[in-house]
Amino acid sequence: MTTIQRSDGRPRPSARMQKLASVPALLIALLFASICVQAKDTQTSADDDPVLQAMRAELERSKSALKLEGMAAPYYIDYHVTDMDTHAAEAAFGALRTNVRLRFRFLRVVVRVGDYKQDSFFGQGQGGLDFMPLDNDLVALRHEIWLATDSAYKAATEALTAKQARLKQFTVDQPVDDFARAEPVVSIGPAAKLDFDSHPWLKMLQDSSALYKTDAQIESFDSALNFAAVTRYFVSSEGAVVRSGQNVYDLRIAGTTQASDGMRLDRSHGYAVTDIKELPSEEKLLADATKLLATLEQLRDAPIADEEYRGPVLFSADAASTVFSDLVGENVLGLKPDLGQPARTKGAFATSYKSRVLPDFLSVVDDPTLASMNGRSLMGKYDVDDEGVKAVSVSVIENGKLVNYLMGREPIRDFPASNGHGRARLPQNNPGPSLGNMIVRSSETSSPEALKKKLIEICQQRELPYGYYVETLGPQRVPRLIYKVWAKDGHEELVRGAIFGDLDTRTLRNDLIAVGNDVNVENHPLNIPHSVINPSILFDELEVKRANANKDKLPDYPAPAVASK
Amino acid sequence: MKKLFGNSALLCVLAIFLKPALNGAPAGEAAKNDVLIAAMQQELHRAQGDLGKLDPAPYFISYSVYDQDSAMVVGSQGSLINSIHARRRSADVIVRVGTAALDNTHEENRGSALTSGSLPLGDDSDAIAHVLWQLTYGEYRKASQAYLNVKTTTQVHAQEEDTSPDFSQETPQSHADYEDLSPQPDRHILEEIARRYSAYFRKYSYIYSSNVVLAAQTMRSRFVSTEGSHVVSTGAWVRLAIEAETRADDGMELMRVETFQAENPSHLPAEAEITARMEKMASDLKALRAAPVAEPFDGPALLSGRAAAVFFHEVLGHRLEGHRQRGEQEGQTFTKKVNQQVLPEFLSVTDDPTARTLNGVDLGGWYEYDEEGMPAVRVEVIKDGILKSFLMSRMPIKDFDKSNGHGRAQAGLMVTGRQGNLIVTSSHTTKDSELRQKLIDEIKKQGKPYGLYFEDIQGGFTLTQRAMPQSFQILPVLVWRVYPDGRPDELVRGVDIVGTPLAAMNRIVLTGEKVEVFNGMCGAESGSVPVSAAAPAMLFSEIEVQKRAHSLNRPPILPPPGFDATETKAGGRP
């Protein structure tokens, strides 16, 4: 069922997006296709950057004259332009399937009516997204900003009334301001450029995914790259003027197979960096792909995890990264609850302020100002956040106790100001509190070998035949590689089909007993680029169960024979 | 709802800008070297052999592979907004389990027969075979599961009204069109055209929003089936769509769209004609802003040929699609009207996908083979007002057990009966120059204060499901009040044509002589497909219009940048 394109009462902010959404689906699919790359100028100051010039010119005009008769003028306006130049490619079974270069610019305009205490940032008043011209043509750039500003102001005016009407339905005990004041920052960094020769990379994708030929039971084997140069422009009526660029290079390989009982087995390996030089060489990538294939084969032959286990579990720093990211990272964000709700924040730490959320030997800092650690670039590095606030290092958990939240410019109870963590999700959404570089540190550490020894000691004390060692986790904290560590001789045995019964914020607080002196740096390129840095961890007790997963049928007929080896 | 719209994407470029044609191998040579189709046939054969041993076994498997080279360039205010170029190769794997009489596609389960995926872009037959294998065993599971459900459902439910089989018996087809695809126009040239045309509206302060969209596509499709069909065909189109929008003081959004479509860029109009059309768009919009809002009205009306063509596409064409005669949820307006009068006897309607041009205009609905590998056939659907046939895919309906080459879909979707080139002809005509007078005569005869002339439309939609009223809505953009007393015609805005199909079509009194063509993209269950509709201008004794819902937002508060008198900074208009 389809709807006709027509003029109606829909809000204007995304008019151009809607228009494009109305072109045939075929063409919309092409939005994931390539585009010509234009040489980008390197500007060094705000004055000779046409994008910033256009943004400032329209901002000035709107500040001085944008007002509907009988209605309040805006008290705040900001413009955010995201310029993305991306290259995406994918190879499956040794052959290229996708290879697209795409460049686009998005504009987001926020107009706020009311005041810092109570304003129009609600529903449609939160601004929309428009395509922005790609050419550095002042008339065209300003025209788009002009249209978007006009509709954002009208939407804001209506949104304020709607919000006030809504608020009348609730009793608010401790009102919190809607918008935090912030010192305007002027920071003109270089624009990001995507400048690389794609040929060797495409060859690497094909060569690595061609390794499927070594194992007839592989069902899929893909390699993909997503390289992007992202330049962000921000101006606000408070005086902020920001330009910043970041490159993201993401390369990954993934394979699937099935055990003879039908259990689906997945493995993937990714490399996400901000400097292309840090990506693996072809030899390294092929070696890693070969290793990944070998683990898939080992998994196929591995025994299934026992149905019951309650005992010590050791997580490698890699596996622990997923644990900290999910159970701490998501909960230290100062997200304002929905209108009328009395909680301090959303998330599991909403009532944990000044309470213990981790063992007292652990502390957590988020420091977006760090560019690298142990020679690895950090993706969560930035100078100014997407709300024009200077990035600062924030200590969120001290000696196990939650002492702060990561804040954008939307205050929550007792946290009236931003600490420079308001960041927009790519391609461009509303900015909100987000991780930068989250670093988990411990006051007491042991070597990974000592942790393994400790795991075995606990098993022996409790007369458990084995403990578990987790090497890596997949989505939803499902173990991808998990080993039984036998207490009698310390040997490791790969198992499949294990899941955790109670790996949550409570066990993280109460049952984490020791920490390694190793460090894993994990860059997360998707949505909001960020990094998580942490050591390996040992739990005194966790429940590990047999997954209740469907066992799919094996393919109904064998894979085609490979003609060329 | 189904729709036809002319305001979608696509491209113009002059032939002299084209890259030189690629020197292609002779057709026979190309066929021999077609690694892709060889891999398709080999995998199809393997699937047939191996899956054929299972229970339930497939009785039909087909592979369709679409090799598309597409470009889309969007310009606005003289700048590029998007410029996208993509090569894609996708495969649709169809598996039918059971028997032609009852299979997994029955009733609501049609989607269970199709699985799609991306194929390698190059000639690596190992990789192509592996992806086809993945898609095929996945699709077989979906199909066999659906088939079990179908068997149970047909036992549980009461017998359906139409007991036709689920798949028609047809002769396998063999066709190998390895003609060189027309080359894609140079992207930089497209970009320059988008910039140049879109800059044209910069000088109008009242045109708030405008776009120039150029799009081009060339496609080679390959189809093989276990029945032995082997069809390779090619197609190409280019479209240029120009949109401009303003807003009346009461908030009504007013839009003008011009589209130009052709098989290749050299068939598009010259720049002078296009800029003349843009100038008319600008003056139309200016007049529309000042025009009064029309009132609901029911009375005589004249539809231009283009307006009448869209009217027939929406109101009649969609209801002649074969599968709509069978679905238990469908309104089935015409199902039992075969050999009965459904139109005035002076009107006949054919759907002719084999027609490549009409009156010198390229027809968007031209094709040689449909997506089920069946040859396109000219179908006389209505002759002298009497319903004769439907637009058939390989889904049979009562009394129509064969495809007539109208099984169409966009890549990735299951085929249904669709329109190609719907052409309306008339034996009761008058000179086009006399139609306005005939309208005035009709107004006087009915004693109405005025009649309406619909000069142009932007599209429309129609509802065919039983749960909804069987109504249609046509969205005109240029509507004139014609007065019987000699006053000049008056432009009005803000109305849509509404009605129900059987009532509306029998109000046609007379037609003009000149057949006009509307090319557009049509969206329905099987996706977006290029179509044409062609008709002469038509005089209706009665057309009903209703007020159009519109935004209440005021026009922009500030003048556009560069039109602000108080401004001295950069960014002034040229």
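The values are calculated or read from the model by the stated rules, or taken from the named source; none is laboratory data. Remember, predicted model here, so these are calculated numbers, not experimental data. Positions of Cβ are backbone-derived with ideal geometry, glycine not excepted, and every protein chain shown enters the neighbour counts.
Before moving on, here are some points about what is shown:
- The lone exception for residue B:443 - which of (1) under 17 Å from residue B:302 (Cβ atoms); (2) of a type in the set (A, V, I, L, M); (3) part of a strand (DSSP E or B) it fails: (3)
- The residues of region A:69-82 that are within 12 Å of chain B (Cβ to nearest Cβ), in contact with a helix residue (DSSP H, G or I) (Cβ under 8 Å, 6 or more places away or on another chain) and within 13 Å of residue A:149 (Cα to Cα) amount to a single one, A:74.
- Within region A:284-302, tally of residues that are touching an Asp or Glu at 6+ places or on another chain (Cβ under 7 Å) and free of Cβ contacts under 8 Å to residues at least 60 places away in the same chain: 0
- Residue within region B:70-82 that is in contact with a Phe, Trp or Tyr (Cβ under 9 Å, 6 or more places away or on another chain), closer than 27 Å to residue A:558 by Cα and in the same structural domain as residue B:193 (by TED's automatic domain parsing) present: no
- Flag if residue B:542 is surrounded by fewer than 23 Cβ atoms within 10 Å (Cβ to Cβ), more than 30 Å from residue A:148 (Cα to Cα) and either within 14 Å of another protein chain (Cβ to nearest Cβ) or modelled with pLDDT of 90 or more (or both): yes
- Meets criteria (over 31 Å from the mean Cα position of the chain (by Cα) and outside any helix (DSSP H, G or I)) for residue B:55: yes
- Of all residues in region B:185-221 being closer than 30 Å to residue B:136 by Cβ and crowded, with 19+ Cβ neighbours inside 10 Å, the one that is farthest from the other protein chains (Cβ to nearest Cβ): B:220
- Residue B:276 in the same structural domain as residue B:198 (by TED's automatic domain parsing), in a helix (DSSP H, G or I) and closer than 30 Å to residue B:212 by Cα: yes
- Set B:140, B:178: member being within 14 Å of chain A (Cβ to nearest Cβ), touching a helix residue (DSSP H, G or I) at 6+ places or on another chain (Cβ under 6 Å) and either among the aromatic types (Phe, Trp, Tyr) or free of Cβ contacts under 8 Å to residues at least 60 places away in the same chain (or both): B:140
- Only strands (runs of 3 or more DSSP E) whose full extent lies in region A:466-565 are considered here, and the ones with at least 1 residues that are closer than 21 Å to residue A:449 by Cβ and out of contact with any Leu (no Cβ under 9 Å at 6 or more places or on another chain) are A:466-473, A:479-486, A:492-495, A:520-524, A:530-534.
- Test: residue in region A:168-178 that is part of a loop (DSSP other than H, G, I, E, B), among the β-branched types (Val, Ile, Thr) and either buried (at least 21 other Cβ atoms within 10 Å of the Cβ) or touching a strand residue (DSSP E or B) at 6+ places or on another chain (Cβ under 7 Å) (or both): yes
- Single residue of B:224, B:231, B:238 found to be within 14 Å of chain A (Cβ to nearest Cβ) and part of a strand (DSSP E or B): B:238
- Restricting attention to region A:522-563 and to residues that are among the acidic types (Asp, Glu) and under 29 Å from the mean Cα position of the chain (by Cα), the residue that is farthest from the other protein chains (Cβ to nearest Cβ) turns out to be A:543.
- Residue B:113 hydrophobic (A, V, I, L, M, F, W, C), in contact with a strand residue (DSSP E or B) (Cβ under 7 Å, 6 or more places away or on another chain), more than 13 Å from chain A (Cβ to nearest Cβ) and farther than 30 Å from residue B:198 by Cα: yes
- Residue in region A:439-454 that is crowded, with 20+ Cβ neighbours inside 10 Å and either more than 30 Å from residue A:382 (Cβ to Cβ) or free of Cβ contacts under 8 Å to residues at least 40 places away in the same chain (or both) present: yes
- Screening residue B:84 with (1) crowded, with 22+ Cβ neighbours inside 10 Å; (2) more than 9 Å from every other protein chain (Cβ to nearest Cβ); (3) modelled with pLDDT under 95 gives one miss only, at (2).
Residue-wise test of (1) farther than 27 Å from residue B:378 by Cα; (2) crowded, with 21+ Cβ neighbours inside 10 Å; (3) touching a residue at least 60 places away in the same chain (Cβ under 8 Å); (4) more than 14 Å from chain A (Cβ to nearest Cβ).
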{"site": "B:423", "(1), (2), (3), (4)": "no, yes, yes, yes"}
{"site": "B:428", "(1), (2), (3), (4)": "no, no, yes, yes"}
{"site": "B:460", "(1), (2), (3), (4)": "no, yes, yes, no"}
{"site": "B:491", "(1), (2), (3), (4)": "yes, no, yes, yes"}
{"site": "B:504", "(1), (2), (3), (4)": "no, yes, yes, yes"}
{"site": "B:508", "(1), (2), (3), (4)": "no, yes, yes, yes"}
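- Test: residue in region A:168-176 that is over 21 Å from residue A:80 (Cβ atoms), at pLDDT below 95 and in contact with a Lys or Arg (Cβ under 7 Å, 6 or more places away or on another chain): yes
- Cβ-Cβ under 6 Å pairs, at least 6 apart or on other chains, region B:102-118 side assigned to a helix (DSSP H, G or I), far side of a type in the set (Ser, Thr, Tyr): B:113/B:105
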